[in-house]
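One structure below.
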Amino acid sequence: MTNPKKPLVLPEQQWLKDRFEYDPDRGLLIWKVRPLADFPTEQGCRIFNAQFAGKVAGSSRPDGYRRVKIGNPEYLLHRLIYVYHNGEIPDGYCCDHKDGDPSNNKIDNIRIATRSQNSMNQKERSNGSGVRGVYKPRNKKFWIAQIEINGVHHYLGSHASLEQAANARAEAEKKLFGEYSLSVSREAA
């Protein structure tokens, strides 16, 4: 029997505010001087503060997300920023980047969403068209548009051009995904 993975518990809002400043222009957290109570030794405290106090917290991952290591666990920056501003992420929800850009951690770009809503504004996976939910079957002269909702694929028709298929997909996203649609997010940006 496998041991189920425990969900990562985020630091509390006050703890974050005591240890970070938020830079709203860049959407980043800046380390403050941390108290001795955070460290097992006085020397560890001095070394950390000399090296990190006043500096941007964390590092970027290859996928564009920024991570911050606090002790042993590593946290995604957008989650810390959401908690810093709002107190907590409600059970059953995650944090979503409205514009789909994982490096844009400005608070006005971060919202809570269900897992399903979060997946609605993901970037296109490699299907060759450059448009999520649109592909051209091999050796065919038309484009297929489709959309997935709760694990079910819905056919949006075959179209003479990539542009027509992309428009059909965008309209379906707006209608079905609302504010979580990548098309709506791009228009708002």
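Of note:
- Single match in Arg169, Arg132 (criterion: among the charged types (D, E, K, R), modelled with pLDDT of 85 or more and buried (at least 16 other Cβ atoms within 10 Å of the Cβ)): Arg169
- Evaluation of Phe20 against (1) at positive phi; (2) surrounded by 12 or more Cβ atoms within 10 Å (Cβ to Cβ) (one fails), failing number: (1)
- Hits in the range 135-166 - residues which are assigned to a strand (DSSP E or B) and either at pLDDT below 85 or of a type in the set (Ser, Thr, Tyr) (or both): Tyr135, Ile147, Glu148, Ile149, Val152, His153, His154, Tyr155, Ser158
- Restricting the range 95-111 to residues that are touching a helix residue (DSSP H, G or I) at 6+ places or on another chain (Cβ under 7 Å) and modelled with pLDDT of 90 or more, the residue that is nearest to Gly58 (Cα to Cα): Asn105
- Inclusion of Val56 among residues that are surrounded by fewer than 16 Cβ atoms within 10 Å (Cβ to Cβ), touching a strand residue (DSSP E or B) at 6+ places or on another chain (Cβ under 8 Å) and β-branched (Val, Ile, Thr) is warranted.
Here's the yes/no breakdown for (1) closer than 19 Å to Trp31 by Cα; (2) hydrophobic (A, V, I, L, M, F, W, C):
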position	(1), (2)
Asn49	yes, no
Ala53	yes, yes
Asn72	yes, no
Val83	yes, yes
Glu88	no, no
Cys94	no, yes
Pro102	no, no
Asn105	yes, no
Ala113	no, yes
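- In summary, strands (runs of 3 or more DSSP E) completely within the range 1-117 and bearing 3 or more residues that are of a type in the set (Lys, Arg) and either in contact with a Lys or Arg (Cβ under 6 Å, 6 or more places away or on another chain) or over 26 Å from Glu148 (Cβ atoms) (or both) occur at 66-69.
- When Arg115 is tested against (1) more than 22 Å from Gly178 (Cα to Cα); (2) among the charged types (D, E, K, R); (3) modelled with pLDDT under 95; (4) loosely packed, with under 12 Cβ neighbours inside 10 Å, only condition (1) is not met.
- Count - residues of the range 38-88 that are hydroxyl-bearing (Ser, Thr, Tyr), within 23 Å of Ile110 (Cβ to Cβ) and more than 17 Å from the chain's Cα centre (by Cα): 0
- Subset of the range 172-187 that is over 17 Å from Arg115 (Cβ atoms) and acidic (Asp, Glu) - its residue that is modelled with the highest pLDDT: Glu173
The values are calculated or read from the model by the stated rules, or taken from the named source; none is laboratory data. Keep in mind the model is a prediction, meaning the values are calculated, not measured. Neighbour counts run over all protein chains shown; Cβ positions are idealised from the backbone, glycine included.
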